Amino acid sequence: MLLSPHIDQQAPNYYTARVLDHQTEVDEFFAEDIQSAITLAGQEGYTAMGFHIWYRVVCIGTTTVHAMLTEREMLAERLEHLQQQLEDN
């Protein structure tokens, strides 16, 4: 099973993350930044084999739970970079 955390910034230091199984919402939680949202989804695991992590309208593709827990900073930076590139164009 692959799940998709969809992370959105609601206010400074306030992000929502909705974890979806296709179109069905599995969970929703709040975090202080993108890294924390990635970590929380990875820690919960939801018995998923991997995740498609979204930030706003960009996705970094399939990511393992291990990477979500050990490479969260790099994953968050990549999401922010892709979103910024999209906004700049």
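Things worth noting here:
- Between 0 and 90°, nearest 10: helix 34-44 axis offset from the chain longest Cα axis: 0
- Computed accessible area, Asp27, all protein chains, 1.4 angstrom probe, square angstrom: 50
- Relative contact order (%) - the range 2-88, alpha-carbon pairs under 8 angstrom, separation at least six: 26
- Its convex hull of Cα atoms gives the chain a direction-averaged projected area, equal to a quarter of the hull surface, of 5.3 nm².
- Rounded to the nearest 20 debye, dipole of the chain from Cβ charges on Lys, Arg, Asp, Glu: 180
- Remark: the chain carries 60 Å² of accessible area per residue (probe radius 1.4 Å; ligands, DNA and RNA excluded).
- What the Cβ-Cβ distance of Leu86 and Asp21 gives, at R0 = 30 Å and to the nearest 0.05, is a FRET efficiency of 0.70.
The values are calculated or read from the model by the stated rules, or taken from the named source; none is laboratory data. Nothing here was measured: the structure is a model prediction, and the numbers come from that model. As a convention, Cβ positions derive from the backbone with ideal geometry for all residues, glycine included, and neighbour counts pool all protein chains shown. Side chains included, ligands, DNA and RNA excluded: accessible areas come from the protein's heavy atoms. Shrake-Rupley method; radii C 1.70, N 1.55, O 1.52, S 1.80 Å.
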